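Encoded as structure tokens, the structure appears first; notes follow it.
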Amino acid sequence: MRIIGKSKSVDALRKLIEKVAPTRSSVLIIGESGTGKELVARELHDQSAVKSKPFVPVNCGAIPENLIESELFGHKKGSFTGAVADKPGLFEAANGGTLFLDEIGELPLTMQVKLLRALQERVIRRVGSNEDIRLDVRIVAATNRNLEEAIKKGTFREDLYYRLNVIMLETPPLRERKGDISILATHFLDKFSRKFSKELSGIEPDALKALESHKWPGNIRELENAMERAVALESGAQITAASLEGALRTSEPSGARATGVDFPDLSRGPISLDHFLARVERELVRRALMLTKGSEDQAARLLQTTRAKIANASK
Ligand SMILES: Nc1ncnc2c1ncn2[C@@H]1O[C@H](COP(=O)(O)OP(=O)(O)OP(=O)(O)O)[C@@H](O)[C@H]1O
Ligand SMILES: [Mg+2]
């Protein structure tokens with residue numbers, strides 16, 4: 001099992017995977033971007049009786065609309081310009097194993113009808129052929145979109161939704177399982193230390209604090225990227241807040257809004273640039289000092305400035 005975490009929600013998820021994996025029921029995985037949907041899909045396959053059979057991932061949002069049918073179901077030679085030979089589709093490639101339909105919410109309505117038929121009748125037809133091919137494929141679908149909303153809007157078929165949603169698994173956002181941050185961060189620390197042949201022994205307490213107070217809109221993928229960057233940059237024995245700072249800053253805007261430094265509406269009249277910049281400076285220094293528990297030296301490193309400036313701005 002590669003799904004890491006000690007929070008209740010992850011524990012429940014692991015238990016459900018163990019129960020569901022041996023069945024051939026369709027599974028719908030719902031979760032925000034970067035929460036581990038593909039990892040869950042692979043786990044479902046690897047813990048099934050057909051783990052030696054293929055696991056075929058398809059990103060439904062990445063295939064041009066006019067090619068999806070032929071990608072999924074294959075085509076007969078001459079069925080359209082460019083179909084120079086008979087070609088099996090991804091359904092056939094996944095026969096006996098698992099087809100992972102990622103971003104299922106992006107599938108055009110016309111394809112939804114065809115997918116529904118394939119699921120109901122367990123047969124497919126290559127484009128341009130009138131021969132049914134009987135298949136045994138387990139479907140795992142994933143989405144970060146609210147499909148119920150899409151059904152209401154008429155962009156997702158309700159019958160397909162119920163067909164896919166025999167079992168629903170949810171991958172929780174990282175901000176709702178803050179207790180997993182340090183375990184995951186340590187996991188990625190080990191992974192990238194090995195990859196970059198670096199001997200890093202851990203994460204400094206102030207760096208861990210910064211990780212735990214970050215909002216993680218990109219979830220585990222964002223944490224993984226932040227740790228990769230920090231490991232690459234770190235020259236000391238442990239990850240410091242300073243080497244993390246750049247990675248955590250990129251998704252800062254939501255935080256900035258929350259604390260009240262709003263960009264002024266210039267159409268309503270003049271403002272003083274210097275005053276505004278001073279306010280931003282004070283706010284950043286205040287945050288840095290909060291993270292470093294008042295250490296001006298560390299705050300200066302975090303903001304790549306001098307101690308004098310920190311002291312001045314925090315007066
Ligand atoms: N619980 C976990 N334990 C360890 N690694 C995890 C966990 N969840 C996710 N990861 C890792 O985080 C990264 C993102 O996961 P994954 O690609 O499965 O997310 P996703 O939900 O499919 O994201 P997206 O919506 O962006 O496609 C991967 O490298 C994955 O291995
Ligand atoms: Mg994914």
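The values are calculated or read from the model by the stated rules, or taken from the named source; none is laboratory data. All values reported here derive from a predicted model rather than from experimental measurement. Glycine gets a Cβ as well: all are built from the backbone with ideal geometry, and neighbour counts include every protein chain shown.
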Checklist line | Test for Arg229: is it within 16 Å of ligand 1 (Cβ to nearest atom) and without any contact (Cβ under 8 Å) to a residue 12 or more places away in the chain | finding: no
Note on the range 174-229: residues on the phi > 0 side of the Ramachandran plot and under 14 Å from the mean Cα position of the chain (by Cα) are Trp216, Asn219
TODO: Scan the range 45-55 and give yes if some residue there is within 16 Å of ligand 1 (Cβ to nearest atom), buried (at least 19 other Cβ atoms within 10 Å of the Cβ) and either more than 16 Å from the chain's Cα centre (by Cα) or assigned by TED's automatic domain parsing to the domain that holds Arg134 (or both), otherwise no.
DONE: yes
Considering the range 65-93, residues that are exposed (fewer than 15 other Cβ atoms within 10 Å of the Cβ) and acidic (Asp, Glu), and then whichever is modelled with the lowest pLDDT, we arrive at Glu65
Scanning the range 132-177 residue by residue, those closer than 21 Å to Asp11 by Cβ and without any contact (Cβ under 8 Å) to a residue 60 or more places away in the chain turn out to be Arg175
Condition set of a type in the set (Gly, Ala, Ser) and in a loop (DSSP other than H, G, I, E, B), scope the range 23-37, selection farthest from ligand 1 (Cβ to nearest atom): answer is Ser25
Checklist entry - Based on what the data block shows, is Glu283 surrounded by 15 or more Cβ atoms within 10 Å (Cβ to Cβ) and at pLDDT 90 or above? => result no
Restricting the range 213-231 to residues that are touching a Ser or Thr at 6+ places or on another chain (Cβ under 7 Å) and more than 16 Å from ligand 2 (Cβ to nearest atom), the one farthest from Arg175 (Cα to Cα) turns out to be Val231
Taking the range 203-227 and keeping residues under 18 Å from Leu291 (Cα atoms) and outside any helix (DSSP H, G or I) leaves Ile203, Glu204, His214, Lys215, Trp216
